[in-house]
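One structure below.
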Amino acid sequence: MLRGSCLCQGVAFEIDGSVIDLLYCHCSMCRKAHGSAFRARGKVRTSEFRWVRGEALVRYYDSSPGQHRSFCAVCGSNLVTRFDDNPRVLGLALGVLDDDPVNRPICHVHVGSKAPWHEITDTLPRFQDAPTRPVAPAPHDADGRDGSDPATPGPALFRRALRDDVATIVRLLADDTLGSQRESLADPLPRAYLDAFEAIDRDPNNELIVMQHEGEIIGVLQMTYIPYLTHQGSWRALVEGVRIDQRFRGAGHGRRLFEWVIRRAEQRGCTLLQLTSDKRRTDAIRFYESLGFVASHEGFKLKLPRAC
Ligand SMILES: [Zn+2]
Ligand SMILES: [Zn+2]
């Protein structure tokens, strides 16, 4: 769950799902509405958004026919935008989020109307007007790697997993030689999976991430961020439970997933990324080595009796 609020704290809201289609809009309306160089915005599903405080303070301004931008009547903070032609989604001013949406802006739009005194310095794709194709993360975004690899698959979306994704994730974990021996696909799903999901979701240093391709979840992994004293005090990221749908293996998706993971760990200020792989997974070990991981340590595990 993600939380947001206005400047005066009179208005607060919650979002159950993820924020998608994050971008920077440089149009003159957005610049005026925000009093800023551009508007950073995303979209949320209307059904997953709720006001938890101060809905009576929310005012709407029709910036264009059928587009209703909302703001706090007391402090003027921009909140959500309603669209008459698409009531299922809301536009969201990212600046009022109190939590990290995990997904990141992927392009600049209406760059043709950009403020003359503002210079765009990142390498995200820029569109003179609105995007000419559906907005999805660029195959190789901010880091400028070239996309010439013929195995490069189409656009993928990375987001925090939702409770509704848990069954799909367990199916992915079980659809594997080693996983099939330890996962349970009973229906309804054993309670322990949902409890584990809740614990991960509540913890700001844990993220269960799914990779979506053409609307379908095809990959999953968990990231844990660990502060530590050695190496002069720093943060490291630990990756667990990596799985790519069998049907999508060997098409570059795993590489894409890990390029995202590496950037995510960097964004979180980590200076080390670590994982362990079962020694029987020789393909996986070769894959990690090809990404630059070095098998410099022996990993040790001690199985403990399960408490009842
Ligand atoms: Zn306010
Ligand atoms: Zn705009």
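The values are calculated or read from the model by the stated rules, or taken from the named source; none is laboratory data. Because the structure is predicted, anything quoted here is derived from the model rather than measured. Every residue, glycine as well, gets a Cβ built from its backbone with ideal geometry; the counts of neighbours run over all protein chains shown.
A quick yes/no check of all residues on (1) away from ligand 2 (no atom under 14 Å from the Cβ); (2) surrounded by fewer than 20 Cβ atoms within 10 Å (Cβ to Cβ); (3) at pLDDT below 95:
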{"residue": "M1", "(1), (2), (3)": "yes, yes, yes"}
{"residue": "G17", "(1), (2), (3)": "yes, yes, yes"}
{"residue": "A37", "(1), (2), (3)": "no, yes, no"}
{"residue": "E48", "(1), (2), (3)": "yes, yes, yes"}
{"residue": "V52", "(1), (2), (3)": "yes, yes, no"}
{"residue": "R88", "(1), (2), (3)": "yes, yes, yes"}
{"residue": "D98", "(1), (2), (3)": "yes, yes, no"}
> Would a scan of region 188-205 turn up a residue that is assigned by TED's automatic domain parsing to the domain that holds A265, in contact with a strand residue (DSSP E or B) (Cβ under 9 Å, 6 or more places away or on another chain) and assigned to a strand (DSSP E or B)?
Replying inline: no
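Considering only residues of region 47-79 that are part of a strand (DSSP E or B) and hydrophobic (A, V, I, L, M, F, W, C), which is nearest to the chain's Cα centre (by Cα)?
Only one residue tops the list, namely F49.
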>> Exactly one of these conditions fails for A12: (1) buried (at least 19 other Cβ atoms within 10 Å of the Cβ); (2) within 16 Å of ligand 1 (Cβ to nearest atom); (3) of a type in the set (G, A, S). Give me its number.
In response: (1)
>> Just the residues that are part of a loop (DSSP other than H, G, I, E, B) and either on the phi > 0 side of the Ramachandran plot or of a type in the set (D, E) (or both), please, taken from region 261-283.
In response: G269, D278
>> Can you tell me which of (1) under 17 Å from the mean Cα position of the chain (by Cα); (2) within 16 Å of ligand 1 (Cβ to nearest atom) is the one L94 doesn't meet?
In response: (2)
> Restricting attention to region 19-29, which residues are surrounded by fewer than 21 Cβ atoms within 10 Å (Cβ to Cβ) and either within 16 Å of ligand 1 (Cβ to nearest atom) or not in a strand (DSSP E or B) (or both)?
Replying inline: C27, S28, M29
> Pairs under 6 Å by beta carbon, first residue closer than 16 Å to L178 by Cβ in region 284-307, partner hydroxyl-bearing (S, T, Y) and surrounded by 10 or more Cβ atoms within 10 Å (Cβ to Cβ), six or more apart or different chains?
Replying inline: A284/S277; I285/S277; G299/T276
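Can you pull out the residues in region 30-46 that are in contact with a strand residue (DSSP E or B) (Cβ under 7 Å, 6 or more places away or on another chain), more than 16 Å from ligand 1 (Cβ to nearest atom) and in a helix (DSSP H, G or I)? It would help to see each step written out before you state the result.
Residues of region 30-46 in contact with a strand residue (DSSP E or B) (Cβ under 7 Å, 6 or more places away or on another chain): 30, 33-34, 38-46.
Now narrow it down to the ones that are more than 16 Å from ligand 1 (Cβ to nearest atom): 30, 38-46.
Residues satisfying the conditions are C30, T46.
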> Does S148 satisfy the criteria of being part of a strand (DSSP E or B), surrounded by fewer than 18 Cβ atoms within 10 Å (Cβ to Cβ) and at pLDDT below 95?
Replying inline: no
> What's the number of the condition Y225 fails, among (1) in contact with a Lys or Arg (Cβ under 8 Å, 6 or more places away or on another chain); (2) at pLDDT 90 or above; (3) assigned to a helix (DSSP H, G or I)?
Replying inline: (3)
